[in-house]
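For reference, the structure is listed below as structure tokens.
The values are calculated or read from the model by the stated rules, or taken from the named source; none is laboratory data. Computed from a predicted model, the values in this text were never measured in an experiment. Cβ atoms come from the backbone with ideal geometry, glycine included; neighbour counts cover every protein chain shown.
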Amino acid sequence: MPRHSETRRVPYTAEQMFDLVADVGRYSEFLPWVIATRIRANDETEMVADLVVGFKSLRETFTSKVNKDRANRIAVDYLDGPLRYLHNEWHFRAIADGGCEIDFSVDFAFRSRVFESLAGQVFDRALKKMTDSFEARADALYGAGESGASGNSSSSAHSAA
């Protein structure tokens, strides 16, 4: 069961980063492996969305419920798809220099042990690529920050069977 947690400091406000992460409908524009999105329901505090992810000839659709606490937290819980479960959270905290600190964590398990073992081999690199993509998207939307945000990141990851 892959798990990952990471903390990053970015030169953008908690509101900006919350808006970026909550904008699930645009994920296919910047996240690797996200081919399409469909928002089934969306309001200020909750969203239900489908993501179609793919790599080479593989395609899977995931349905998730997204709970939103504006500018503080986004929690994603898996509803349907090829996984056994998935939970991820984003926490946004304003910091004194005007930027924010982001805590990100994800925990999931595949239904198939074969996929589980394959995922374990590329899991850390794939998640780093995804979190880097969110940071690059923030740079594109809000202007590259001067504090060199990616240099201030720390992460830990592990796989447990």
ask   = Out of 147, 155, which single residue is in a strand (DSSP E or B), at negative phi, modelled with pLDDT under 85 and not acidic (Asp, Glu)?
value = 155
Search result, residues across segment 1-23 that are charged (D, E, K, R) and either in contact with a Ser or Thr (Cβ under 8 Å, 6 or more places away or on another chain) or over 29 Å from residue 41 (Cβ atoms) (or both) = 3, 6, 8, 9
key: Failed item, numbered, when residue 161 is tested on (1) outside any strand (DSSP E or B); (2) at pLDDT below 65; (3) of a type outside the set (Val, Ile, Thr); (4) closer than 25 Å to residue 15 by Cβ   = (4)
key: Flag for residue 18 being in a helix (DSSP H, G or I) and of a type in the set (A, V, I, L, M, F, W, C)   = yes
remark   = The correct count of residues that are touching a residue at least 40 places away in the same chain (Cβ under 8 Å) and exposed (fewer than 15 other Cβ atoms within 10 Å of the Cβ) in segment 41-92 is 2
Close pairs (6 angstrom Cβ cut-off, 6 or more residues apart or separate chains): aromatic (Phe, Trp, Tyr) in segment 19-32, part of a helix (DSSP H, G or I) anywhere = 30/133; 30/137
